[in-house]
Amino acid sequence: MTEGWEDEEADGSLFFTISDYAKTPMGLFFWVVVAAVAAYFFLAVYSAFFDKSRLNSKYKKEVHDEPFRKYNVDEDQGEEGGGGGALSSLVSSVTSRLGFEAPPPPPPEIEYTATVSCIPFGCPPERIAGAFAIDQQSGVGFMFGGLDEKGFRSDGWLFDTGDLEWRDMGLPEHPTDEEREYTPGKRVHVRMAVANGYVVMFGGSVPRKDCTADLYVLNTKVKPWSWANLTAGGEEDADASPTPKARFGHAMCTYGDYAVVFGGMGEGDVYLNDMWVIDTKDWDGEDGFAWQYVKPGGNYWPKARDSHCMCSVGNRLVLFGGYDGIARTVIAPGQVEIYDFESQEWSLTPVCGEEPRAGPNCDALALGQSGLVATVTEKNGGIFNQIHVLDTTLTPMQWSNVKLDWRGDWTMIPGLRLNFQAAYDDTEGLLYVFGGKAAGEDGMLHNTLICCNMRDIQGIGEEEEEEAGEAEGGGGGGGGQGEEGWAKSREDVVEVLKESYLPGSNRFSHSASKKKSQ
């Protein structure tokens, strides 16, 4: 081997082979590319070490912009402090010169905790897949329809968040054709939104018909309250009918005085991704409301789906979860789609944090004006379903898991609920989940009300609670929950909720004094 190598060097065959290749067009091109890449990296490294002022100003501008001020990043980290300053500057410079933007630093993890309790007394009959919404102005909740072991339900209920009592609306179980003008009748997978004093209910499945385009409105501005079956006119559009197609499993929410509808499953198992709104200010007294079709705009539009959820936060809609009917799969976990009412465009929004395991039959509920969105999914979170919070005020938006703290008798732990009904009272910071079905093929139906206290997460001030509690007298013992566990009567349950969770509530009149925990 040594002799062969010496012979090869002696006659210069190896040298002449490389030299000859370098003289070819391909060889010349190869060496030019190598020289260009080497020069490019040399300039990047040179700039990183000898142009610190530019790098530091760029670093501070990216990291210390308004969305990240709360992260307390050291402003001198790029120059003298923070052990990785020079290295991070070098990486930032090289990646930017190569055409790659370095991602912003992830926000710190946020730990949320919510207390969970159960109200097992005086609730409506068990059901799944009904409609449930709360009027944030009056504090009255509305629930309608659903499905139980006997079939479709047609009952309607009012929920007074002040005294935690349900009241039957007395709707007929089998309405006649004449009665259908003022009562919706049996239906399931219907959706509801409350805007400007109007309870707007649309779509759903009815007996002997997969889906419907019925629009019913309960006018709470005029007494006595009554349902009205409205004939809805709408804007003529070449690409869409003047009113929404029949559907079920759609999403519906309130945006100011508007009721907004998106997607769902239509007739013939056709998945939809159209968007419609009703302006409740346009009540004309006879023909009801006019539907307005929202034309697709921009470069992005969400996929067709059903069993998704949606809510409004500020001037935006947040769309989450569901089942993609085209791809026949669940929408990607944690994916968040935003509709901006100012630009009138949809966008797929970057997110970070501990994403929920998205799936069908989820609920998204805005936590007042905090910019936070709570999602309840059909995934087991231990004592109850998983609850996550999305902070839409951060860039990127951040998901956080909510740790649930059970308050009550351990025999009353709800466990996982499927096809539940959920609503949020943003004045008191309480998330209500009613009914649903236990996990498993033979899981039982429930008629209990689960209450999740989100006051601390929403940011309802503790100082306000203390001042209101002191005004009520303070000091006495609260009623119901002691060492033996959860209260044994409905009255005790109400008192426990008032005293333990809602001190100083402006909707509750306490009959017992607040007992402050040390």
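Just one of the listed residues (Ser370, Ser312) is open to solvent by less than 50 Å² (accessible area, probe 1.4 Å), assigned to a strand (DSSP E or B) and within 28 Å of Thr393 (Cβ to Cβ), and it is Ser312. The listed residues are Ala304, Ala374, Ala327, Ala358, and the only one of them that is modelled with pLDDT under 90 and out of contact with any Ser or Thr (no Cβ under 7 Å at 6 or more places or on another chain) turns out to be Ala327. Does Val277 satisfy being closer than 29 Å to Gly368 by Cβ, touching a residue at least 40 places away in the same chain (Cβ under 8 Å) and open to solvent by less than 50 Å² (accessible area, probe 1.4 Å)? No, not satisfied. Regarding region 296-314, can at least one residue be identified that is more than 25 Å from Met265 (Cβ to Cβ) and polar (S, T, N, Q)? So far as region 296-314 goes, yes, one or more of its residues are more than 25 Å from Met265 (Cβ to Cβ) and polar (S, T, N, Q). When each of Gly268, Gly264 is tested for being in a helix (DSSP H, G or I) and not basic (Lys, Arg), the lone residue that passes is Gly268. Looking only at residues in region 227-252 that are farther than 24 Å from Leu319 by Cα and in contact with a Leu (Cβ under 7 Å, 6 or more places away or on another chain), the one that is modelled with the lowest pLDDT is Ala232. For region 324-353, residues that are over 21 Å from Ile387 (Cβ atoms), without any contact (Cβ under 8 Å) to a residue 24 or more places away in the chain and among the polar types (S, T, N, Q) total 1.
For Pro120, the conditions (1) out of contact with any Phe, Trp or Tyr (no Cβ under 9 Å at 6 or more places or on another chain); (2) touching a residue at least 24 places away in the same chain (Cβ under 8 Å) are fulfilled apart from (1).
The conditions of being of a type outside the set (Ser, Thr, Tyr) and under 22 Å from Asn273 (Cβ atoms) are not met by Asn380.
Of everything in region 137-154, what is buried (at least 16 other Cβ atoms within 10 Å of the Cβ), part of a loop (DSSP other than H, G, I, E, B) and under 28 Å from the mean Cα position of the chain (by Cα)? Give them in sequence order. Before the answer, list the steps.
Of all residues in region 137-154, those buried (at least 16 other Cβ atoms within 10 Å of the Cβ) come to 139-148, 152-154.
Now restrict to residues that are part of a loop (DSSP other than H, G, I, E, B): 139, 145-146, 153-154.
Hits for region 137-154 are Gly139, Gly145, Gly146, Arg153.
Filtered by the rule that a residue be among the acidic types (Asp, Glu) and either assigned to a loop (DSSP other than H, G, I, E, B) or surrounded by 23 or more Cβ atoms within 10 Å (Cβ to Cβ) (or both), region 178-222 gives Glu178, Asp210, Asp214.
All conditions but one from (1) open to solvent by less than 10 Å² (accessible area, probe 1.4 Å); (2) within 14 Å of Asp391 (Cα to Cα) apply to Gly321; the one that does not is (2).
Return the only residue of Thr161, Thr115 being open to solvent by less than 50 Å² (accessible area, probe 1.4 Å), among the hydroxyl-bearing types (Ser, Thr, Tyr) and under 21 Å from Gly197 (Cβ atoms). Checking each option against the conditions leaves just Thr161. Among the residues of region 326-339, those that are surrounded by fewer than 22 Cβ atoms within 10 Å (Cβ to Cβ) and assigned to a loop (DSSP other than H, G, I, E, B) comprise Ile326, Ala327, Arg328, Ala332, Pro333, Gly334, Gln335.
From the list Glu342, Glu378, the one residue that fits, being of a type in the set (Asp, Glu), buried (at least 19 other Cβ atoms within 10 Å of the Cβ) and over 13 Å from the mean Cα position of the chain (by Cα), is Glu378.
The values are calculated or read from the model by the stated rules, or taken from the named source; none is laboratory data. Predicted model only: the values in this text are computed from it and were never measured. So basically every Cβ, Gly included, is an ideal-geometry build from the backbone, and we count neighbours across all protein chains shown. Side chains included, ligands, DNA and RNA excluded: accessible areas come from the protein's heavy atoms. Shrake-Rupley method; radii C 1.70, N 1.55, O 1.52, S 1.80 Å.
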